[in-house]
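Colleague: I'd like to ask some things about the structure below.
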Amino acid sequence: MSENLIIFDARVVTPMGFAARKGAEMGELLVMDHATIEVTDGVITYVGPNRGENRDGYYQHYWHYNARGRCVLPGFVDSHTHFVFGGERADEFSWRLKGESYMSIMERGGGIVSTVKATRASNFIRLRAKAEGFLKQMNAMGVTTVEGKSGYGLDKETELMQLRIMRSLNGDEHRRVDIVPTFLGAHAVPQEYAGRTDDYIDFLIREVMPCVAEAGLAEFCDVFCEQGVFSIEQSRRLLLAARGMGFNLKLHADEIVPLGGAGLAAELSATSADHLLHASDADIRAMAEKGVVATLLPLTAFALKEPYARGRAMIDAGCAVALATDLNPGSCFSGSIPLTFALACIYMQMSIEEAITALTLNGAAALNRAGSIGSIEVGKKGDLVVLNTDNYHFLPYYIGMNCVIATIKEGVIYPS
């Protein structure tokens with residue numbers, strides 16, 4: 001569903017362009033006071049100074065919204081989440097508070113494997129209802145596009161079900177958030193393949209990925225390239241097979257140890273490499289040279305009490321950096337956009353302008369959507385966020401608190 005909408009007296013705050021912004025470009029925003037934004041059939045058709053057509057009835061077939069000088073930004077793009085899952089893992093959170101590491105919890109049967117059991121035991125209707133609840137919460141914080149990963153089935157049936165849930169939510173006429181689906185069957189090694197990781201990779205390549213591709217259920221293929229999970233060689237083999245089936249590529253890379261996943265992302269010219277807490281200087285430079293978007297997830301580092309990814313160094317090296325929440329039931333049970341902004345600016349030394357670019361245009365680029373969303377420009381979708389202030393510095397300053405008062409999806413207004 002889309003609408004015709006005219007927004008008057010807006011303070012437009014937006015990056016510009018139809019591709020990722022890199023390095024110093026990330027700090028460049030257009031700020032335009034007393035602006036008009038025209039959205040026709042869900043697409044932006046004018047951005048510029050307030051003009052007088054309203055006086056002669058030009059906009060009689062448009063909804064009118066007076067921004068009263070408040071900031072209007074592009075809709076936020078959360079380019080890394082796992083929002084379709086069964087169960088929760090609150091007990092594991094308390095274990096971590098007592099000093100257990102993420103990997104030690106996985107080794108004792110917790111972690112991803114725990115959620116796999118709960119997800120396999122659930123069904124389409126329950127999982128869909130839960131996922132829809134997350135989407136509404138995301139939208140209230142300004143998210144208009146989200147990436148969703150499978151990876152909590154680790155078998156053919158449940159992986160396909162997760163992806164079909166995303167497709168059904170994407171097809172909802174009244175959807176508030178567009179979903180970009182990613183196949184993450186290589187999220188962990190299921191118990192039935194314990195000690196046979198190569199066989200599990202073979203299973204994904206031969207039996208699962210062809211079904212996902214044939215049904216058009218995912219745009220991307222991702223892999224948890226990490227010590228004790230999937231090696232560089234196993235990840236390379238899976239991703240090359242995925243590319244041959246038409247998938248775009250993503251990696252969970254260098255989250256826990258410096259394994260070299262960021263370098264593999266550069267080698268394969270992946271669309272993005274995500275986490276990157278321990279990415280090396282050489283691999284960061286390689287990503288910058290190959291145009292791989294560095295998607296950073298500060299909420300996860302915060303929740304795990306790990307060092308933050310080196311956002312400042314990556315930007316200074318010429319990378320295009322995106323920010324995302326990593327909403328998931330284990331390592332980061334949060335989809336908080338406000339806290340993401342604050343952590344990026346306070347602990348990752350990103351400027352407010354860079355953080356805005358990272359959560360809009362560069363997030364769009366991490367999903368191959370920079371041509372249609374991520375900035376307020378003619379020809380892009382009318383996906384917008386209205387703040388309760390004329391000062392966009394409130395985004396990290398109002399720490400952990402939501403300053404979004406309305407989210408606009410293709411011209412349809414959803415009050416927060």
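The values are calculated or read from the model by the stated rules, or taken from the named source; none is laboratory data. Fair warning: this is a prediction, and the values are worked out from it, not measured in the lab. Please note: Cβ atoms are built from the backbone with ideal geometry, for glycine as well, and neighbour counts cover all protein chains shown.
Colleague: State all residues of segment 238-271 that are part of a strand (DSSP E or B) and farther than 26 Å from Ser101 by Cα; if no residue qualifies, say none.
Modeller: Asn248, Leu249
Colleague: Can you find, within segment 110-127, the residue that is modelled with the lowest pLDDT among those that are part of a helix (DSSP H, G or I), surrounded by 15 or more Cβ atoms within 10 Å (Cβ to Cβ) and among the small types (Gly, Ala, Ser)?
Modeller: Ser114
Colleague: Any residue in segment 185-197 that is modelled with pLDDT of 95 or more sitting within a Cβ distance under 7 Å of a residue that is loosely packed, with under 13 Cβ neighbours inside 10 Å? List the pairs, counting only those 6 or more apart or interchain.
Modeller: The qualifying pairs are Tyr193/Asp199.
Colleague: Still on this structure, I have one more. Determine which single condition Thr300 fails, assuming it passes every other condition in (1) in contact with a Gly (Cβ under 6 Å, 6 or more places away or on another chain); (2) within 23 Å of Phe83 (Cα to Cα); (3) among the polar types (S, T, N, Q).
Modeller: Every listed condition holds for Thr300 apart from (1).
Colleague: Among the residues of segment 330-364, which ones are surrounded by 23 or more Cβ atoms within 10 Å (Cβ to Cβ), touching a Lys or Arg at 6+ places or on another chain (Cβ under 8 Å) and closer than 18 Å to Glu147 by Cα?
Modeller: Gly330, Thr357, Leu361, Asn362 - these are the residues of segment 330-364 that are surrounded by 23 or more Cβ atoms within 10 Å (Cβ to Cβ), touching a Lys or Arg at 6+ places or on another chain (Cβ under 8 Å) and closer than 18 Å to Glu147 by Cα.
Colleague: Which one of the conditions (1) among the charged types (D, E, K, R); (2) surrounded by fewer than 21 Cβ atoms within 10 Å (Cβ to Cβ); (3) in contact with a Ser or Thr (Cβ under 9 Å, 6 or more places away or on another chain) does Arg68 fail to meet, given that it meets all the rest?
Modeller: (3)
Colleague: Residues that are among the hydrophobic types (A, V, I, L, M, F, W, C) and outside the structural domain of Ile284 (by TED's automatic domain parsing): which strands (runs of 3 or more DSSP E) entirely in segment 319-409 hold 3 or more of them?
Modeller: 384-387, 404-409
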